[in-house]
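Everything below concerns the one structure shown next.
Laboratory data are not the source of any read-out in this text; all were calculated from the coordinates shown. Quantities reported herein were computed from a predicted structural model and do not represent experimental measurements. Note: ideal-geometry Cβ built from the backbone for every residue, glycine included; neighbour counts use all protein chains shown.
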Amino acid sequence: MLYNRMMPTIKLILLWVLAITMDGIGVLHFIQPKPFVRIVPKYLPAPLALVYMSGFFEILGGVGLLIPTTRAWAAWALIALYLAVFPGNINMLTDNISLNPQEANPSLLAHRAQDECRIARY
């Protein structure tokens, strides 16, 4: 019974956490693009432009999640974005590329699983 009453609050908190995370990471694409450029697969053109585009759409999706009338569209757009950047995620994993080159990269599998969980949530 308590669970049913708390569920809307929990969902709202998680919605805000996801929106803030997406917006924060999106902003990072603009203020520190170099780590994101490193993970763009070599076969894709204009890595910096792709990083800026994905950052823009992450910010847009994060904001869209907070507006009830655009929430569903934003959720589907973020799913499309996760699928679009998936080659970069695979590139990170297969080429052992870290967003922070000073550290080892043991968290890559956890990072990939996090993306899949976000997709599964919708």
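Assorted remarks:
- Leading residue by the ranking (surrounded by the fewest Cβ atoms within 10 Å (Cβ to Cβ)) among those in segment 80-98 that are over 20 Å from MET53 (Cα atoms) and in contact with a helix residue (DSSP H, G or I) (Cβ under 9 Å, 6 or more places away or on another chain): ASN96
- Among the conditions (1) assigned to a helix (DSSP H, G or I); (2) touching a residue at least 12 places away in the same chain (Cβ under 8 Å), PRO41 misses just one, which is (1).
- Residue in segment 51-67 that is hydrophobic (A, V, I, L, M, F, W, C), farther than 28 Å from ASP95 by Cβ and surrounded by 19 or more Cβ atoms within 10 Å (Cβ to Cβ) present: yes
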